[in-house]
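What follows draws every value from the coordinates through simple rules; no lab data is involved. Not measured: the values here are computed from a predicted model.
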Amino acid sequence: MNFANVSVADLDSASTSAMNGAAFGIVKMSHDGKVTDYNDWQSKFTGMSKSAVIGKHFFSQVAPCTNNFMVSQKYDAGATLDESLDYTFTLKMAPTPVKLRLLKGANSQYLLCNK
């Protein structure tokens, strides 16, 4: 998988082991923001175990630093989404600049994270 070119269809059909093989973070969510998968890269990057985040609301319980107009509210804007942005994570770590890619399709939504 390639951070810049992976599609919602690619992610929707990817197994957990395929997502774990990615060299960037992948957070898979239901349309109501509940985490349904969280890859190994993202877990190591944030220091948050999969068991601590799966089933939780990503924007309010896992990463409230993303609960704003720049990230969480983009998912509410329409049926589909594919947008990249520079961002700084501040939760549970020193301020860390990252590149985010926000994706939303018919079945799931994704937040991809790359350093």
Practice task
Calculate one ³J(HN,Hα) per residue across the stretch 99-114 by plugging θ = phi - 60° into the Karplus curve 6.51 cos²θ - 1.76 cosθ + 1.60, and present them in order as whole Hz with x for glycine and proline.
Solution key: 10, 10, 10, 9, 10, 9, x, 5, 9, 8, 10, 9, 10, 9, 9, 9
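How much mean residue ellipticity at 222 nm does the chain get from its helices, if each DSSP H run of length 4 or more adds -39500 (n - 2.57) and you divide by all residues, to the nearest 500 deg cm²/dmol? It would help to have the intermediate numbers written out before the result.
Working: 4 runs with 22 residues, N = 115.
The helix contribution divided over the chain gives -4000 deg cm²/dmol.
Taking the radius of gyration and the Kirkwood hydrodynamic radius from Cα positions alone, what is the Rg/Rh ratio for the chain, to two decimal places? Intermediate results must be reported in sequence, preceding the final value.
Working: Rg = 12.6 Å, Rh = 13.9 Å.
Rounded to two decimals, Rg/Rh equals 0.91.
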